[in-house]
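Engineer: The structure follows.
Here, each number is a calculation from the coordinates, and none is a lab measurement. Small disclaimer: the values here were computed from a predicted structure and weren't measured. Every residue, glycine among them, receives a Cβ derived from its backbone with ideal geometry; neighbour counts consider all protein chains shown.
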Amino acid sequence: MNPLSDLGAWGYILFWGITILAAGIFLYRGFQLWRYLKLGRPDETFAHLGRRLARGTIDLIIQKCQFTNLGRRNRAGLGHMFMAWGFLLFVVYYTVFIIISSGFGISEPMEHNGFYVVYTWIMDIIGPFIMLGAAWGIIRRYAVRPSRIEQQRTFEAGFILFTVLVHPITHFGKIATQIAYGNPPAGLGLGTPPVSTWLSQFYSAANAPGWHVFWFWAHWAFVLLVLGIIGFTRYLHFPAGVINDVLTTRQPKTPKGKLGNIDVKNQATFGVGTVNNFTRKQLLDTYACVVCGHCQDACPAYNTQKPLNPRVVIRDIKQNLLKNGPRLLNKQPVSQLLIADQGPGSVSEEVLWECTTCAACMEACPMYIEHVPKIIDMRRHLVQMRAKFPPELLTLFENMEQRSNPWGIAPGERAKWAADVAAKPFVAGQTEYLYYVGCAGSFDSRSKQVSAALANVLNAAGVSWGILGTEEKCCGDSLRRTGNEFVFEHMMRENIKLYQDKGVTKIITQCPHCYSTLKNDYAGYGFKVEVRHHTEFIRQLIAEGRLKLDGRLDLGTTVFHDSCYLGRYNGILDEPRETIAAVTGRPPVEMTKNRTNSFCCGAGGGRMWMEESIGTRINHARVQQALDVDPNTVCVSCPYCLIMFEDGVKDQKLADRIKVLDLAEIVALAVKAAPAAPERSAAVAR
Ligand code: SF4
Ligand code: SF4
């Protein structure tokens, strides 16, 4: 039977009437959201579209986003997978067996063939899993209540899970009654699907037709209700997330969290001061947010009681767009400021300056949302358009402009660290690698020891290296992350010219911030040379046999701290661990938060130069995480991490018990301790 034809022409009128109404609401809202998106600046999101489409489709089918979270031992992702797979299968079912089959009155032939039987079997099997996924979501949200969804037990969230739970029930009712009144899915000689068959016993042949009509309309009403509300609720994450995945910057050679360049000469405004200054892709990010709170869970600022919550930043940008969108389309002034203390829908300045740009939020986000470029774009507006920034940054900016280093130390002091290691100047044609020491390695007393250690390691391996000495200038990392793009760009162009004039083609750094800036940010301006961080370079020297280590250096229990700009931003995770194993004979002990899930030291994103006056100090929180594994040595690979860890260990009065060493220092100790190898001597002589 066809529940539509049983009602005569009115059945079809009702069916198509409500279907067109729901589809109309869906399309109208979709069009409205699309127009708001178009308010944003165009960007390059359509490059490599074929490859991205293929990747997006695969990601959708395998629910890659949820695998990311399962990898973090978050079992909620499993429930979401069942719901998503079920949703995809149901979409095919609606299209083929409801819209085409029932809607056009051809259900008899459509429901008596092999495809229908196989499909009802599939739905029968997936249906309970969808219900389990939804029930699991409801239990977690209202009974288990993990902290990251504590503030999200809204009516909307509960209602969405309710619709997911009820929807398969209506489907089962429909098939069960079909079986009960003697018109089961038939074809291919297969039996009837198990769950629906079991449920059919609760109906009699007499009452089943009436119930069948009820379940049909209940099912379709739920489907259309969901279709109508998609654009108004967090269901929106599903279509927006799929498009976002396709358009996201995860293409080969695109650095994570890539920042947009500014055309200093030709642009009238800089950074993002109103919501339409974001790019369209950045705005799409906000539609894709599923409010899962993974970013909030990962954020070091949020977890040390700062006012910054990356989930809320994304929510506020979206709210601001939805609120101001209609006015901006009509060329009217916005009714709510983007950067202001105006509650939900605005992001406060204080929030923006708390970010360490550690990218833990982006790493954790299942929807590939990029928080950091948005935060930096808003910082750019504050710095360049409104000259508003924490007072400490004024000193940083002045030091950078006047002395080309954040400490403001005379440039003539830059190469003093090198006196004891016989560093030579870089000479094109004679020197292979430029050792870009960086400002910390040149001026900070503790990091200068790391520079000397690395120089000794390079010498021990016979590497041909040289320095720029007093000609070296800051790479500009802190300027770029704090939004001072003017000075950054000026400095970067001077540096690029210097490197080109000197004939530099290969660079070694000891600082992940210099490494990432020279490798990724400079490349965004067309400067492409080989840049190596000492962790990967030293690992290579060991692998090539140029550094002989006997694995006997005793550092006690050694723990390795992943620097954000080395691990998360640039994927250098195994190399330092392998080197520690080569030096000490065993791999480092791991903190709970390690590798790409590492916890920031608190100094990135220009936070090194700002006061930290709210909540627990981030470096104290990270040191505590290290203390949880009771180390004798904390190994780092970044000058900022070195400073932050040493300060944290001193503050805990543990400096006598715990050593904080850079990887280069550990290797230098091992090289010194090991008997001189003939190969090494030969290499040095080369
Ligand atoms: S980059 Fe780090 S500090 Fe900034 S919002 Fe993301 S997780 Fe928080
Ligand atoms: S931004 Fe990403 S991680 Fe954060 S709540 Fe939204 S979807 Fe979840």
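Engineer: Any chance you could check the Cα centroid distance between segment 205-265 and segment 541-603 for me, in angstrom?
Structural biologist: A separation of 41 Å, based on Cα centres.
Engineer: What's the extension gain from Arg153 to Gln430 if we count 0.36 nm per residue and subtract their Cα-Cα distance?
Structural biologist: Roughly 93.2 nm would be gained on extension.
Engineer: Further, regarding this structure: Amide H to amide H, which residues 5 or more places from Arg532 or on other chains are under 5 Å from it, using H placed in the peptide plane?
Structural biologist: So Arg532 has HN proximity to Ile507, Ile508, Thr509.
Engineer: Taking +1 at the Cβ of each Lys and Arg and -1 at the Cβ of each Asp and Glu, which of Ser348, Asn320, Asn309 sits farthest along the dipole of segment 275-388 towards its positive end, judged by Cα position relative to the Cα centre?
Structural biologist: Of the listed residues, the answer is Asn320.
Engineer: Taking the Cα atoms only, what angle lies between the long axis of helix 155-180 and the longest principal axis of the chain, rounded to 10 degrees?
Structural biologist: In the chain, helix 155-180 runs at an angle near 40 degrees to the longest axis.
Engineer: For an R0 of 25 angstrom, estimate the FRET efficiency from the Cβ-Cβ distance between His490 and Thr470 and round to the nearest 0.05.
Structural biologist: 0.85
Engineer: Taking 0.36 nm per residue of separation and subtracting the Cα-Cα distance, what length does fully extending Lys653 through Arg35 add?
Structural biologist: That pair, Lys653 and Arg35, stretches by 216.7 nm at full extension.
Engineer: With an 8 Å Cα cut-off and a minimum separation of 6 or more residues, compute the relative contact order for the chain in percent. Before the final figure, lay out the partial values.
Structural biologist: Values: 1085 pairs, mean separation 79.3, N = 686.
With pairs under 8 Å counted, the relative contact order is 12 percent.
Engineer: Relative to the first principal axis of the alpha-carbon coordinates of the chain, what is the inclination of helix 114-139, with its axis defined by its Cα atoms, in degrees from 0 to 90 and to the nearest 10?
Structural biologist: Orientation of helix 114-139: about 60 degrees from the principal axis.
Engineer: Assuming R0 = 60 Å, what is the FRET efficiency of Val264 and Ser204, from their Cβ-Cβ distance, to the nearest 0.05?
Structural biologist: Taking R0 as 60 Å, the efficiency between Val264 and Ser204 is 0.15.
Engineer: Quick one: dipole size for segment 275-388, taken about the Cα centre, charges +1 on Lys/Arg Cβ and -1 on Asp/Glu Cβ, in debye to the nearest 20.
Structural biologist: 500
Engineer: Follow-up question, since we're still on this one. Full extension from Asp420 to Glu401: what is 0.36 nm times the residue separation minus their Cα-Cα distance, to one decimal in nm? Walk me through the intermediate numbers first.
Structural biologist: Working: separation 19, 0.36 × 19 = 6.84 nm, distance 2.96 nm.
That pair, Asp420 and Glu401, stretches by 3.9 nm at full extension.
Engineer: Once both labels are modelled 7 Å past Cα along the beta-carbon direction, what's the Leu21-Asn632 spacing in nm?
Structural biologist: 7.6
Engineer: Starting from the Cα of Ala523, step 7 Å along the direction of its Cβ; do the same at Ala387; then give the gap between the two resulting points in nm.
Structural biologist: 3.8
Engineer: I need the peptides 576-586, 395-405, 281-291 ranked by packing, meaning the mean over residues of other C-beta atoms within 10 angstrom, with the highest value on top. Write out the running numbers ahead of the final one.
Structural biologist: Values: 576-586: 20.6, 395-405: 18.1, 281-291: 23.0.
My ranking of the peptides, most packed first, is 281-291, 576-586, 395-405.
Engineer: Here is a further query. If the only charges are +1 at each Lys and Arg Cβ and -1 at each Asp and Glu Cβ, what is the size of the charge dipole of the chain around the Cα centre, to the nearest 20 debye?
Structural biologist: Using only the charged Cβ atoms, the result is roughly 520 debye.
Engineer: How far apart, in nm, are two points set 7 Å out from the Cα along the Cα-to-Cβ line at Glu413 and at Arg595?
Structural biologist: 4.2
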